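Worksheet: the structure to be examined is printed underneath.
The values are calculated or read from the model by the stated rules, or taken from the named source; none is laboratory data. From a predicted model like this one, the values you see are computed outputs, not experimental measurements. Here the Cβ positions follow ideal geometry from the backbone for every residue, glycine too, while neighbour counts run over all protein chains shown.
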Amino acid sequence: MNNEEFIVKLTEAQSGLYAYIYTMIGDHNKAKDVLQESNLVMWRKLNDFDGLNFEAWSVTICKFQVMAYFRDKKRDKLLLDSDLAEQVSKTAEKEYSFFNRAEPQLLECLATLPEQNQNLIKMKYFEKLKMDQIASRLDRKLSAVKVAIHRIRKTLFNCIEQKLKIGDS
């Protein structure tokens with residue numbers, strides 16, 4: 001794999017790898033740091049990659065970087081024992097796989113939403129506004145915004161689930 005192909009694959013994998021690491025660590029900033037370190041390790045080990053399964057290779061590297069993160073944080077009192085860490089890792093790998101399968105469907109489902117609902121989702125998840133900020137911006141009651149976002153999320157979930165069922169058939 002040449003450098004350009006590596007960069008394309010790595011870029012495509014970033015959101016899923018971040019989700020995997022965040023599931024293991026539970027802290028956004030620390031997960032970003034571990035992802036950056038994982039990216040550096042992948043770059044350094046590019047020549048070791050057999051070219052067959054980038055997803056499995058990159059998740060394995062992230063898994064070892066998460067383990068290194070916890071090893072380096074031994075002085076913290078809240079540590080996972082190895083069995084629990086392995087269980088969390090397996091769960092995170094399943095979620096990573098689901099995320100990679102569901103992300104294209106999410107984008108398709110978002111595109112089918114009415115513009116008003118798309119704007120609510122953009123404010124909440126892309127602009128990362130708090131519910132009260134959204135309500136203020138739209139001059140709507142906080143409870144109405146919460147209900148609307150809840151309904152949109154439910155609609156998106158059902159849409160994704162339907163698309164995944166069709167794809168598995």
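Listed values, structure above:
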read-out	value
Within segment 1-88, helices (runs of 4 or more DSSP H) holding 3 or more residues that are within 30 Å of Leu106 (Cβ to Cβ) and at pLDDT below 90	3-25, 54-72
Selection count where residues are in contact with a helix residue (DSSP H, G or I) (Cβ under 8 Å, 6 or more places away or on another chain) and of a type in the set (S, T, N, Q), scope segment 4-19	2
Residue pairs meeting the criteria (Cβ under 8 Å; at least 6 apart or on separate chains; first part of a helix (DSSP H, G or I), in segment 106-119; second of a type in the set (D, E, K, R))	Glu108/Lys163; Cys109/Lys163
Pairs with Cβ under 7 Å, 6+ apart, first in segment 140-169 and among the small types (Gly, Ala, Ser), second modelled with pLDDT of 90 or more and assigned to a helix (DSSP H, G or I)	Ala148/Leu120
Number of the exception - Thr91 against (1) modelled with pLDDT of 85 or more; (2) under 17 Å from Lys63 (Cβ atoms)	(1)
Any chance Asp132 is loosely packed, with under 14 Cβ neighbours inside 10 Å, in a helix (DSSP H, G or I) and at pLDDT 65 or above	yes
Segment 144-169, residues that are surrounded by fewer than 13 Cβ atoms within 10 Å (Cβ to Cβ) and modelled with pLDDT of 90 or more	Ala144, Val147, His150, Arg151, Lys154
